[in-house]
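Contents: one structure, followed by commentary.
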Amino acid sequence: MQDGLMLDHISKVYQDDNSEVLAIKEFSYAFSKGDFISIVGPSGCGKSTLLSIISGLEKPTSGKVFLDGEDITGKVSNIGYMLQKDYLLSWRTVYRNVLLGLEIKNMLNEETKEYAMNLLKTYGLGDFINKYPSQLSGGMKQRVALIRTLATNPSYLLLDEAFSALDYQTRLDVTNDVYNIIKKEHKTAIMVTHDIPESISMSDKIIVLSNRPSIIKNVHGITFNIPNRTPLNCRECPEFSKYFDSIWKELNTDERSNFGGQERVS
Amino acid sequence: MKEVISADRKEFLSKKKRRKRLILLTQIFILFAFIFLWEFLANEKILNEFITSKPSRVVNTILDFKTNHLFMHLWVTLYETLIGFLLGTLIGTVIASLLWWSPFASRVFEPYLIVLHSLPKVALGPIIIVWAGAGTNAIIVMALAISLIVTILEMLNGFLATDKNLIKLAHTFNANKWQIFTKIVFPSNVSTLINAMKVNIGLSLVGVISGEFLVSKAGLGYLIVYGGQVFKLDLVMTSVIILGIMAALMYHAVVILEKIILRWMMKAEV
């Protein structure tokens, strides 16, 4: 078995009272370590389901998830998960919010507390550890949420539309922050988004999914011919719009061919 | 730090302050006008003081506490109310937590809770007296019966309405059910608990007074019934007024408790 995270023929069928819906069909992919990988696709195509399956929150109907050769299908392992909003607990201070994951995982000790405190200090939140979430800006809250995820020291990070709740300006700043933190901490990130420019600006690879049932349409390797790439400066590159055009086209042909369609089993 | 205040702002602030003071003064004025008018009309024989009593006679009744044991009765009512309130809040919250724990049980018990909730609990009075004996126990059970079901329903609704995303967040750290309850669901519902307490302190008092009406041994409820039967309206009025003051003070005690609980929760150490 190879190192890293591997999805092996993952399928997911949802049941409700009226029908069965095949959300994901035979998804296989090996995520290489250290990469920032985005998954884009039409809305409702099962992108978020994919993250839930990787994180172990949901079980696939068939197929397996491997992490460093170990079968982790349906198990919550040490993979960090960032949700669509910060979801900080309003009654806890910044510091105690960051400790939440450590507490729940029974990993709270002097060493991990110090690690969390160092993360807060390194990423500009040292002066805010005793503040409450209501006293922070949207961008800072998102940073706290990221540090809460990093505090348990996961090697993989899942980002589920993690910036969709922010306004445009904050979003650009936070994207930049998060990208830098993830790269600095040498994490492998898998991000689900419907924002094509955002995915291009952050990713090393972009997986384009089809409409339901989701299959991989294409994988784009994203490289820019500039030193010290950041999500902000790469937006100026000529390659940026080239990537945008081809991904945009792929997503749109998909919608036309499957017009109004949801494939149903049975 | 010195703040520069513009003339407009000064005007706005002082206007607001004046209005606040005016409201308070009017409230005090109404109270005194009512007391004065009551006393005046009774003295002028426009009201029959035998059936309406009057403020000076109320004051005399209070001063006469050694013979009428007013404070003993006050204490009995207070004690029963507090015990009923504490038991109702505590047992109600525990039952709501258990029902949250088992979605199956909460679905099963839902219709029963709704029937019990709609039933006027005072109707259970005679049964309670037969079962618990005509004494303090029956009165406390009465207070409990009135506040318990409301607490269960309110707390359960609060627990079930906890932000699903916060629970999902805990799941991403592989939280077990106990951790989800203690770290997410319960803290999210401290304000629900405080609201339940504010309602319960009043409901508990209703239960105690109706219990004392039925048991008729001690307490302000007993004094009211007794005073009515022997036409001592002074005693009835005094008891009602003291009851009103007591209810207001207990409500404020819960408000103070709210502040203490919130401060404690925010400051809790890891």
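No value in this document is a laboratory result; all are computed from the given coordinates. Values in this document were obtained by computation on a predicted structure and should not be read as measured data. Cβ: placed from backbone, ideal geometry, glycine included. Neighbour counts: every protein chain shown.
Data table
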{"quantity": "Amide H contacts of A:E20 (H built 1.01 Å from N, under 5 Å, at least 5 apart or other chain)", "calculated": "A:V265"}
{"quantity": "Antiparallel bridge percentage (DSSP; both residues within the protein assembly as shown; nearest 5)", "calculated": "55"}
{"quantity": "Distance in nm between pseudo-label sites at B:K259 and A:S32 (7 Å out along the Cβ direction from Cα)", "calculated": "6.2"}
{"quantity": "Rounded if a/c under 1.5, otherwise prolate or oblate - chain B, Cα gyration tensor axes", "calculated": "oblate"}
{"quantity": "Cleavage-rule hits, chymotrypsin sites (Phe, Trp or Tyr not before Pro), the range B:165-249, DSSP coil, Cβ neighbours within 10 Å at most 11", "calculated": "B:F231"}
{"quantity": "Average beta carbon contacts from partner chains per residue of A:104-113, 10 Å cutoff", "calculated": "2"}
{"quantity": "Net charge of neighbours whose Cβ lies under 10 Å from the Cβ of A:D86, counting Lys and Arg as +1 and Asp and Glu as -1", "calculated": "+4"}
{"quantity": "GluC sites (Glu not before Pro) within the range B:5-78, DSSP loop, no more than 14 other Cβ atoms inside 10 Å", "calculated": "B:E44"}
{"quantity": "Tilt relative to chain A, helix A:110-122 - C-alpha long axis, 0 to 90 degrees, to 10", "calculated": "80"}
{"quantity": "Least to most buried among B:I114, B:I242, A:I24 (fewest other Cβ within 10 Å first)", "calculated": "B:I114, B:I242, A:I24"}
{"quantity": "Average other protein chain Cβ within 10 Å of Cβ, residues A:145-157", "calculated": "1"}
{"quantity": "Helix B:190-215 axis, angle to chain B major axis (alpha carbon atoms, nearest 10°)", "calculated": "40"}
{"quantity": "Acute angle (nearest 10 degrees) that the helix B:70-101 long axis makes with the longest principal axis of chain B, alpha-carbon atoms", "calculated": "20"}
{"quantity": "Bridge type composition, chain A - antiparallel percent by DSSP, nearest 5", "calculated": "55"}
{"quantity": "Helical contribution to [θ] at 222 nm, DSSP H n ≥ 4, -39,500 (n - 2.57), averaged over chain B, rounded to 500", "calculated": "-27000 deg cm²/dmol"}
{"quantity": "Peptide-level mean, for B:170-181, of C-beta atoms on other protein chains within 10 Å", "calculated": "6"}
{"quantity": "Computed [θ] at 222 nm, deg cm²/dmol, chain A (DSSP H ≥ 4; -39,500 (n - 2.57); rounded to nearest 500)", "calculated": "-10000 deg cm²/dmol"}
{"quantity": "Most mobile of B:R107, B:R57, B:R18 in a GNM of chain B (Cα contacts under 10 Å)", "calculated": "B:R18"}
{"quantity": "Order of A:K59, B:K20, B:K183, A:K12 - criterion: other Cβ atoms within 10 Å of each residue's Cβ, fewest first", "calculated": "B:K20, A:K59, B:K183, A:K12"}
